[in-house]
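Step one of this worksheet: look at the structure below.
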Amino acid sequence: MSITVTDLDYTYMAGTPYEKVALKDINISFEEGSFIGIIGHTGSGKSTLIQHLNGLLKPQKGKVMVDGQDIWEKGYKRSAIRQKIGLVFQYPEHQLFEETVLKEIAFGPANMGLEEQRLESRVKWALELVGLPYSKIKDLSPFDLSGGQRRRLAIAGVLAMRPKYLVLDEPTAGLDPKGKKEILDQVRHLHKEHNITIILVSHSMEDVARLADRVVVMDKGRIDFSGTPREVFNQGLRLKEIGLGLPSVASLMVRLKEKGWPIESGVFTVEDAEREILKAIRGN
C-alpha cells in the first residue's frame, strides 16, 4: 500500500495580490515500509506537500490517495486518515499542554475512543518506542523534561495513535547534538524494527544521506528530481544550482578526487569515506 499524490497544485492566497504558488504538478508515491527524505531550500514547498498527506490542506487540483482511497472523496472520514498518517511539526514540544506525561500521551488515543483500561498500556508502548522510561516519567510534567526528551515525548504522542506512516518536519530543529542524535536514532529504530514508513523533511543533507532509502528534491514548488541517496548526491552541480549543498563527507571526497586521489564517486557516509581513504592510502 502507499500514499500517492497525483497532479497536485496548491496556491496560497489565490486571486489576491499576495498569491504564491506553493505546489505545481506534484506526482509522487510514498511506498509502505520505505524511508523517504525530502529536501529543498526554504519555500520550496516541502511543508505544504506533507500537510496534504493527512488532509490538513485540501488540494486545489489533483488527488491524494492513501492505501487506494481518495481522502477528499465524499464520505471519507478524514479523522481516520490522521490516525493512519502521523504528522510531527517543527518544534512539536510547543504544543504540549497536559499536566503529566501520562495524560499527554493518552490524549490522542482517548479521543479515538480507546477504553480507559487500555490507555495506560498504549502510553507505555509509545514511550518505550521512543526510548523514554515509562515508570520514571509518567507522572512528571512534560516541562520538567529536557529538550530532546520533550521532542521524543511529542513524537510518542503521535505514535500512540498507531500510525502506519510517520511524517516528520525538521524533527531535530533547535536541538543540541546529543538531542539530535537521540531523535534520529529513535526514528531509524522505528523504521528498522517496527517497519513504520518514515517521511523525513530535513535541511540536513548528512541526515538524509545516512537514513533515507530514497531522496526527493524540491525546488520552487515542484519535484526537481529524486532517486537513491547515491543518485541524488551525485548531482552536486544541480543541487548547487537550486541552493542546496552536498553532505559534508561527499564534499570532502569530491575535493580529494579533484586532487587526484583514486577514490570512488558518490561517497557520502563517514563509514564509506573511511574505507575509500584507507584503500587509497594503501594503494589497493
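Counting Lys and Arg as +1 and Asp and Glu as -1, what is the net charge of the other residues whose Cβ lies under 11 Å from the Cβ of D272? Charge balance in the 11 Å sphere: 0.
Treating the angle as unsigned and between 0 and 90°, give the value, to the nearest 10°, between the Cα long axis of helix 270-282 and the longest Cα principal axis of the chain. Rounded to the nearest ten degrees, it is 20. Helix content alone sets the calculated 222 nm mean residue ellipticity of the chain: runs of n ≥ 4 DSSP H residues at -39500 (n - 2.57) each, divided across all residues, give -12000 deg cm²/dmol. Less than 5 angstrom separates the built amide H of G221 from those of G45, all sequence-distant by 5 or more or on a different chain.
By other beta-carbon atoms within 10 Å, ranking I85, I71 with the fewest at the front produces I71, I85. Per-residue packing, averaged as other Cβ atoms within 10 Å, sorts the ranges 254-260, 96-102 into the order 96-102, 254-260, beginning with the highest. Can you give the local net charge around G179? Use residues other than it whose beta-carbon is closer than 10 angstrom to its beta-carbon, Lys and Arg +1, Asp and Glu -1. Local charge sum for G179: +4.
Looking only at the chain, where both bridge partners belong to it, what percent of the DSSP beta bridges are antiparallel (to the nearest 5)? The antiparallel fraction comes to roughly 55 percent.
Relative to the dominant Cα principal axis of the chain, helix 116-129 is inclined by about 10°. Packing here is the average count of other Cβ atoms within 10 Å per residue, and on that basis the peptides 64-70, 170-176, highest first, run 170-176, 64-70. Using only Cα atoms, tell me the angle between helix 101-111 and the longest principal axis of the chain; keep it within 0 to 90° and round to the nearest 10. Taking Cα atoms only, the helix is inclined about 70 degrees.
Normalised by the number of residues in the chain, the mean separation of alpha-carbon contacts (under 8 Å, six or more apart) gives a relative contact order of 22 percent.
Every number here is computed from the coordinates shown, using simple stated rules; none is lab data. Note that the structure is a prediction, hence the values are computed from the model and not measured. So basically every Cβ, Gly included, is an ideal-geometry build from the backbone, and we count neighbours across all protein chains shown.
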